[in-house]
Amino acid sequence: MNHQLFETWNLDRTQLSPEQQTELARHLETCPECRHTAAAWECVQAEIKTAPRVNAPAGFSARFQHSLAERRRLAHYRQTRKMLGILGISLLVIFLLLAASTLARTSPAAWIGSIIRIIVDAPFNLLELRFIAAFWLAKIPPLAWIGASSVIAAWMLVFTLTGAWTYKRFHHQGELLR
Ligand SMILES: [Zn+2]
């Protein structure tokens, strides 16, 4: 029998058959190393058994359960934020790749030319746009204006309230976890 096996037996004697226990006892008589391990292990077990039991502070489990729910929600929020961040970065990367491929396919002279054309034409284009806008705005009846503005105002109110509520909720969670 090899020494390694006795070392394993030494640390878990509850699973041993009577024959194995005799064998282990015989080995311990001849092997100082295993005797040392056995003594140390017995010491540790005695220490564990005699150590005083420490009770958790009052209300610990209730507090832990409560904060667990909060921590889960916070982890979920962080996960969502991370996913949105990844999505934003991938969109940016795609946009940069598209821009790079466009720049690679067209010559610098061509896109400098088109930029100059856009700048030069801008005043005329803006004038035209303003004319078209003024033309169509004049055709909209005043009642439609009131309707459209109240719809926009209602949406802005909803967005502001939702944003404020979300901020307050997560801010409150942050306070709890601190
Ligand atoms: Zn041994």
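So the values come out like this:
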item	result
Close pairs from the range 28-41: first charged (D, E, K, R), partner more than 9 Å from the ligand (Cβ to nearest atom) and part of a helix (DSSP H, G or I), Cβ under 9 Å, at least 6 apart	R35/E29
Tally of residues being among the acidic types (D, E) and at pLDDT 90 or above across the range 1-31	3
Residue in the range 113-129 that is loosely packed, with under 10 Cβ neighbours inside 10 Å, among the aromatic types (F, W, Y) and either within 16 Å of the ligand (Cβ to nearest atom) or at pLDDT below 90 (or both) present	yes
Verdict on F170 being part of a helix (DSSP H, G or I) and within 30 Å of H66 (Cβ to Cβ)	yes
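The values are calculated or read from the model by the stated rules, or taken from the named source; none is laboratory data. Model, not experiment: these values are computed from the prediction. FYI the Cβ positions are ideal-geometry reconstructions off the backbone, even for glycines, and counts take in every protein chain you see.
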